[in-house]
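Let me begin by presenting the structure, written as structure tokens, before commenting on it.
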Amino acid sequence: MSLDDQRYYEDLYGFYTVDWWINFGLLSNHHFLLERDYIDSGCDTLDYSTATVIHKFIYPHYTKKVYFVEGVIVGQITLASSGATSTVTSYRATLCKMGSDNSDEELVTTGWVTTNLSLAWNAGLGIGDEIVLPFWIDCWEEKQIVDEERLYFKIEVICDNHCVLYHANGGSTVDLKISIPIRG
């Protein structure tokens, strides 16, 4: 591999901001964000949300030139039971892009991953099992990102009962992470 083929990996972490949101493309008053690092722990954020909703974590910064996503995208999501034992039957992780002109495109996906995982709930202690689900997405056909487009990470989970997706704002335990191979 020559130096021109070297990829830069952008590590992004997902969280939910309460008092700040983004309006971009098809997203209005959108609180789910991706950032290069966690923000101050004193900021008003939510640690989790219902897992059965489609979540779109957007990187709120514009692209200022042409970039390509190419290589293996790596990441993880964290799920837990909340209030009752839950079964996670499948999940899908997808990297997408959105334009300021309301264009919306899925770039690459894991496809649906079957799990059939049971997450127990302990009513006496008021805590549930957690599971960290890793993913790898092959992206060997380069995907172009241009000016006025933003990347976002879409998570879809099929589970029963009270399953939640963790997205806490804190680096001690990584709940939601995606590492994207990018080249100019």
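Numbers below:
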quantity: Conditions (1) outside any strand (DSSP E or B); (2) in contact (Cβ under 8 Å) with a residue 40 or more places away in the chain; number of the one not met by Met98; calculated: (1)
quantity: Members of segment 1-32 that are touching a Gly at 6+ places or on another chain (Cβ under 7 Å), within 20 Å of Gly75 (Cα to Cα) and modelled with pLDDT under 95; calculated: Arg7
quantity: All strands (runs of 3 or more DSSP E) inside segment 1-66 with 3 or more residues being surrounded by 13 or more Cβ atoms within 10 Å (Cβ to Cβ); calculated: 8-17, 32-35, 48-50, 55-58
quantity: Ile155 vs. criteria closer than 20 Å to Ile54 by Cα, assigned to a strand (DSSP E or B), in contact with a His (Cβ under 7 Å, 6 or more places away or on another chain) and of a type outside the set (Asp, Glu); calculated: yes
quantity: Residues of segment 68-125 satisfying the condition of being among the aromatic types (Phe, Trp, Tyr) and under 16 Å from the mean Cα position of the chain (by Cα); calculated: Tyr91, Trp112
quantity: Unmet criterion (only one of (1) among the charged types (D, E, K, R); (2) outside any strand (DSSP E or B); (3) touching a strand residue (DSSP E or B) at 6+ places or on another chain (Cβ under 7 Å)) for Arg150; calculated: (2)
quantity: Scope segment 40-66; condition among the hydrophobic types (A, V, I, L, M, F, W, C) and under 16 Å from the mean Cα position of the chain (by Cα); matching residues; calculated: Leu46, Ala51, Val53, Ile54, Phe57, Ile58
quantity: Selected residue (only one of Ile131, Ile127 is free of Cβ contacts under 8 Å to residues at least 12 places away in the same chain and farther than 22 Å from Ile22 by Cβ); calculated: Ile127
quantity: Complete set of residues in segment 104-121 that are of a type in the set (Asp, Glu) and either touching a residue at least 12 places away in the same chain (Cβ under 8 Å) or assigned to a loop (DSSP other than H, G, I, E, B) (or both); calculated: Asp104, Glu106
quantity: Failed item, numbered, when Ala93 is tested on (1) within 30 Å of Gly126 (Cβ to Cβ); (2) assigned to a loop (DSSP other than H, G, I, E, B); calculated: (2)
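The values are calculated or read from the model by the stated rules, or taken from the named source; none is laboratory data. Keep in mind it's a predicted model, so treat the numbers as computed, not measured. Glycine gets a Cβ as well: all are built from the backbone with ideal geometry, and neighbour counts include every protein chain shown.
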